[in-house]
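The values are calculated or read from the model by the stated rules, or taken from the named source; none is laboratory data. These figures come from a predicted structure and were not determined experimentally. Cβ sites come from the backbone with ideal geometry, for glycine too, and all protein chains shown count toward neighbours.
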Amino acid sequence: MEEQQVKRGRRSRDESKRDGQNVEKPVSEWKEKVVQIRRVTKVVKGGKKLSFRAVVIVGNGKGQVGIGIGKSNEVIGAIQKGVAEARKNLITVPIFKTTIPHHILGKAGAGRIVLRPAAVGTGIIAGGAARAVLELAGIENILCKSLGSDSTLNAARATINALSSLRSFRDVAAARGLSLMEMLG
């Protein structure tokens with residue numbers, strides 16, 4: 001009977017299951033990290049309206065990173081909107097070896113972030129949202145200090161501001177009208 005089913009082009013139940021396991025989904029190089037989910041209430045005429053705000057960071061680990069905020073009546077919807085916005089707001093970070101080219105101060109609201117290059121083997125010395133941004137950007141060795149605001153969103157925005165203000169050695173040499181070897185000595 002089994003031979004008759006195969007001849008007719010039908011497969012047994014076990015054969016269909018095996019074929020389904022061999023199908024692999026494409027793996028995306030983009031990583032997403034939800035940094036904060038907040039429940040927000042708005043007072044309206046009929047009572048209180050409940051919604052959620054999600055702060056999401058997206059990066060590929062190769063020098064591109066972005067931050068997004070999503071708001072929705074459901075947590076999943078807020079996260080999806082945050083991911084979509086983060087992909088629209090990607091910045092490219094100049095990475096020198098495994099760290100940043102120079103120290104820098106980033107500002108966002110009352111939050112300030114100081115980023116300093118570090119030697120190989122130091123790791124990411126940072127906390128909270130700044131750590132998530134730096135990890136997803138692909139920076140492996142860095143020193144970071146958060147000053148001012150304790151807000152997660154301000155810390156993430158200040159880190160993005162600092163990373164977007166970084167300039168590579170090649171850009172600085174071109175602006176000064178020197179070759180890269182002349183500038184570095």
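So is Arg39 over 14 Å from Ala156 (Cβ atoms) and not in a loop (DSSP other than H, G, I, E, B) or not? Let's see the steps before the verdict.
On the way: over 14 Å from Ala156 (Cβ atoms): yes; not in a loop (DSSP other than H, G, I, E, B): yes.
In short, yes.
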Completion exercise
Residues of the stretch 134-185 being part of a helix (DSSP H, G or I), of a type in the set (Lys, Arg) and surrounded by fewer than 16 Cβ atoms within 10 Å (Cβ to Cβ), in sequence order, are Arg170, Arg176
Handout entry: The one condition in (1) at pLDDT 95 or above; (2) touching a Ser or Thr at 6+ places or on another chain (Cβ under 7 Å) that Pro94 fails to fulfil
Key = (1)
Handout entry: Residue pairs meeting the criteria (Cβ under 9 Å; at least 6 apart or on separate chains; first farther than 14 Å from Phe96 by Cα, in the stretch 162-178; second loosely packed, with under 13 Cβ neighbours inside 10 Å and at pLDDT below 90)
Key = Ala173/Ser179; Ala173/Leu180; Ala173/Met181; Ala173/Glu182; Ala173/Leu184; Ala174/Leu180; Arg176/Glu182
Problem - Single residue of Lys97, Lys81, Lys49, Lys71 found to be surrounded by fewer than 14 Cβ atoms within 10 Å (Cβ to Cβ) and outside the structural domain of Arg116 (by TED's automatic domain parsing) - result: Lys49
Exercise for the section: Output the number of the condition that Gly127 fails; it satisfies all remaining conditions of (1) surrounded by 16 or more Cβ atoms within 10 Å (Cβ to Cβ); (2) under 17 Å from the mean Cα position of the chain (by Cα); (3) not assigned by TED's automatic domain parsing to the domain that holds Val35. Expected result: (1)
Exercise for the section: Under 7 Å between Cβ atoms, at least 6 apart or on separate chains: pull out the pairs that start in the stretch 61-80 with a residue that is closer than 19 Å to Asn154 by Cα and end on any residue that is among the basic types (Lys, Arg). Expected result: Gly66/Arg87; Ile67/Arg157; Ile69/Arg53; Gly70/Lys81; Lys71/Arg53; Lys71/Lys81; Ala78/Arg53; Ala78/Lys71
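Results for (1) closer than 19 Å to Arg116 by Cα; (2) in contact with a Leu (Cβ under 9 Å, 6 or more places away or on another chain), shown as yes or no for each residue.
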| residue | (1), (2) |
| --- | --- |
| Ser146 | yes, no |
| Ile160 | yes, no |
| Leu163 | yes, yes |
| Gly185 | no, no |
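crowded, with 18+ Cβ neighbours inside 10 Å and over 30 Å from Thr41 (Cα atoms): is that true of Gly106 in this structure? Give the steps one after another, and end with the answer.
Details: crowded, with 18+ Cβ neighbours inside 10 Å: yes; over 30 Å from Thr41 (Cα atoms): yes.
Spelling it out, Gly106 is indeed crowded, with 18+ Cβ neighbours inside 10 Å and over 30 Å from Thr41 (Cα atoms).
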Problem - the stretch 109-121 - residue that is surrounded by fewer than 18 Cβ atoms within 10 Å (Cβ to Cβ) and of a type in the set (Val, Ile, Thr) and, of those, farthest from the chain's Cα centre (by Cα) - result: Val120
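Please enumerate the residues belonging to the stretch 43-85 that are more than 25 Å from Glu29 (Cβ to Cβ) and not basic (Lys, Arg).
First, pick out the residues of the stretch 43-85 that are more than 25 Å from Glu29 (Cβ to Cβ): 43-53, 71-75.
Selection gives Val43, Val44, Gly46, Gly47, Leu50, Ser51, Phe52, Ser72, Asn73, Glu74, Val75.
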